[in-house]
Structure formats: structure tokens, C-alpha cells
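K.L.:
One structure is given below, represented as C-alpha cells, and several questions about it will come after.
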Amino acid sequence: MDSVQILVPEEKMEATVWFYTDGLGLKEEKGADGTRAFDIAGEQRVELVPLRGPLLRTSTKVRFHVHGIAECLRYLISSGHLPRAVASEPWNRPGEMDITDPAGNVITLLDADRSFPRAKI
């Protein structure tokens, strides 16, 4: 199983966990060391690792396939997980939307319902 670790400032951990559980619908597992983990379809594991101090930079490369990306974004905005300004941002790549979690990590949502053209062989 692939695993991705995401650094989260300690003071933003609860808001970030709420984002992943309520906003993205993932089930949380608490680690003894303060780490919070989420298994995704038994194929990937995302671990939120507490960080003392601010997140100075991020190189996070997390991509989630979601069914009904527009509905997902509406829910994230209406439930307070994302600011309303996100709804008016232009989509630079069809079927993809970059958002940030409360810790400032960039996450790409991919529309799982969109069919992409196949490459010719």
C-alpha cells in the first residue's frame, strides 16, 4: 500500500482532521505518536504528521478521485471546509481542481466521472 505523509502544524491538526473526515469522507485512525491516518480504498494511506511550528513550505502531491467533483466542491464550501471564493476560481485543467487543506497543503481533486481520451498506440 502506498503511503503519503502530510505535515500539519499542531494547532491546525483538529481542523485538518475534520477536513479529511467530514469534508472528504475518510475514516480516521489515530496513532500513538499523534499521527492521524486515513486508508483510501485499501490502496493508499494518507498520514497527517504533527509539526511543531508553522508549515514553512509544502511539496505535497496528493490527488483524490471523487465522483461528482462539482457536488464535492459545493459540499466543501457549504460546510465551511473551503472559502466561497474557491467556487469562482477558474479550472485551469478540465476535470481537476486544486484546493488546500486547513494546514495549507495543496490537494488535487480529480473528477472520477470524467472520461479522458485514450492515447493512441
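Any read-out appearing in this document is the output of simple, stated calculations on the displayed coordinates, not a laboratory observation. Since the structure is predicted, the reported quantities are computational estimates derived from the model, not experimental observations. Cβ: placed from backbone, ideal geometry, glycine included. Neighbour counts: every protein chain shown.
K.L.:
Let me have the 222 nm mean residue ellipticity of the chain computed from DSSP H runs of 4+ only, each contributing -39500 (n - 2.57), with the sum over all residues rounded to the nearest 500.
P.N.:
Computed mean residue ellipticity for the chain: -3500 deg cm²/dmol.
K.L.:
Residue by residue through the stretch 31-41, which ³J(HN,Hα) values in whole Hz follow from phi under the Karplus form 6.51 cos²θ - 1.76 cosθ + 1.60 (θ = phi - 60°), with glycine and proline marked x?
P.N.:
x, 5, 8, x, 6, 10, 10, 9, 8, 10, 6
K.L.:
Once the mean 1/r over all distinct Cα pairs of the chain is inverted, what Kirkwood radius in angstroms do you read off?
P.N.:
Taking the inverse mean of 1/r over all distinct Cα pairs, the chain comes out at 15.3 Å.
K.L.:
Apply 1/(1 + (r/R0)^6) to the Cβ-Cβ distance of residue 32 and residue 108, taking R0 = 35 Å, and write down the FRET efficiency to the nearest 0.05.
P.N.:
For residue 32 and residue 108, the calculated efficiency is 0.70.
K.L.:
Okay, moving on. Measure nothing fancy, just the Cα-based angle from helix 69-78's long axis to the longest principal axis of the chain, in degrees from 0 to 90, nearest 10.
P.N.:
40 degrees
K.L.:
What do you get for GluC sites (Glu not before Pro) in the stretch 5-95 restricted to DSSP loop and a cutoff of at most 11 other Cβ within 10 Å of the site's Cβ?
P.N.:
Hits after loop and neighbour filter: 43.
K.L.:
DSSP beta bridges in the chain, what fraction antiparallel, as a percent rounded to 5?
P.N.:
Expressed as a percentage, antiparallel bridges in the chain total about 50.
K.L.:
Run the numbers on the chain and let me know its relative contact order in percent, using alpha-carbon pairs under 8 Å that are six or more apart.
P.N.:
Normalised by residue count, the contact order of the chain is 28 percent.
K.L.:
Something else: Which longest uninterrupted range of the chain lacks any trypsin sites (Lys or Arg not before Pro) assigned by DSSP to a loop state (not H, G, I, E or B) and surrounded by at most 15 other Cβ atoms within 10 Å?
P.N.:
62-113
K.L.:
Then there's this: With unit charges on the beta carbons (Lys and Arg positive, Asp and Glu negative) and the dipole taken about the Cα centre of the chain, which residue among 95, 38, 64 sits farthest to the positive side?
P.N.:
My answer, from the dipole projection, is 95.
K.L.:
Around residue 19, what is the net charge, scoring Lys/Arg as +1 and Asp/Glu as -1 over all other residues with Cβ under 13 Å from its Cβ?
P.N.:
Computed value for this residue: -2.
K.L.:
A further question follows. Kindly count the pairs of lysines across the chain whose alpha carbons are less than 26 Å apart, treating pairs on different chains or eight or more residues apart as eligible.
P.N.:
Summing the qualifying lysine pairs gives 5.
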